[in-house]
Amino acid sequence: QVQLVESGGGLVQAGGSLRLSCVASGSIFSINDMGWYRQAAGKQREQRALVASITSGGSTNYADSVKGRFTISRDNAKNTMWLQMNGLKPEDTDVYYCKATLPSAWSYAYDFWGQGTQVTVSS
């Protein structure tokens, strides 16, 4: 089984910065897409919203609300992904989840999720 572990969340003042990390371990040959998602309290997993994603080739995608403030990156050799969060705003407060999509047999792919890390931004 593949395990994803997030870290780097915490409490920060508005305008501050955090760097989230996600490390994948287990039975991994390669990882396709990886991404960071956020979830409002009380919502189901399927209601999580994309914050940023990155392909194995390094192509990135960002939610409009974080463009110019957040930067996603990854190291394929280390199975690690980061989210550099600058210029944080109170509305960024949420639990952030790491997701990794791994290839499987017969063109199938499977998503794995981390447990989440809390980001709290005070005004």
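The values are calculated or read from the model by the stated rules, or taken from the named source; none is laboratory data. In this text the structure is predicted, and so the values were computed from the model without any measurement. Because the Cβ atoms are built from the backbone with ideal geometry, glycine has one as well, and the counts that use them run over all protein chains shown. Quick note on the areas: whole protein, heavy atoms, side chains included, nothing else; ligands and nucleic acids left out. Shrake-Rupley method; radii C 1.70, N 1.55, O 1.52, S 1.80 Å.
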Would you mind finding the one in S30, S7, S17, S56 that is farther than 22 Å from D111 by Cα and not aromatic (F, W, Y)?
-> S17
Could you figure out which of (1) on the phi > 0 side of the Ramachandran plot; (2) touching a strand residue (DSSP E or B) at 6+ places or on another chain (Cβ under 8 Å) isn't true of E6?
-> (1)
Would you say S59 is small (G, A, S) and open to solvent by 70 Å² or more (accessible area, probe 1.4 Å)?
-> yes
Residue satisfying all of: in region 62-96; open to solvent by 30 Å² or more (accessible area, probe 1.4 Å) and of a type in the set (F, W, Y); nearest to the chain's Cα centre (by Cα) among these | W82
Only one of (1) at pLDDT below 95; (2) under 11 Å from the mean Cα position of the chain (by Cα) fails for E46. Which number is that?
-> (2)
Could you please let me know if A24 is within 14 Å of V119 (Cβ to Cβ), open to solvent by less than 50 Å² (accessible area, probe 1.4 Å) and touching a strand residue (DSSP E or B) at 6+ places or on another chain (Cβ under 9 Å)?
-> no
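So which of S123, S107 is open to solvent by 50 Å² or more (accessible area, probe 1.4 Å) and in contact with a helix residue (DSSP H, G or I) (Cβ under 6 Å, 6 or more places away or on another chain)?
Numbers: S107 fails: in contact with a helix residue (DSSP H, G or I) (Cβ under 6 Å, 6 or more places away or on another chain).
S123 is the lone residue from the list that is open to solvent by 50 Å² or more (accessible area, probe 1.4 Å) and in contact with a helix residue (DSSP H, G or I) (Cβ under 6 Å, 6 or more places away or on another chain).
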The condition of being among the charged types (D, E, K, R) and within 18 Å of V23 (Cβ to Cβ) holds, among K67, K78, only for K78
Could you tell me whether K89 is over 22 Å from S122 (Cα atoms), in contact with a strand residue (DSSP E or B) (Cβ under 7 Å, 6 or more places away or on another chain) and of a type in the set (D, E, K, R)?
-> no
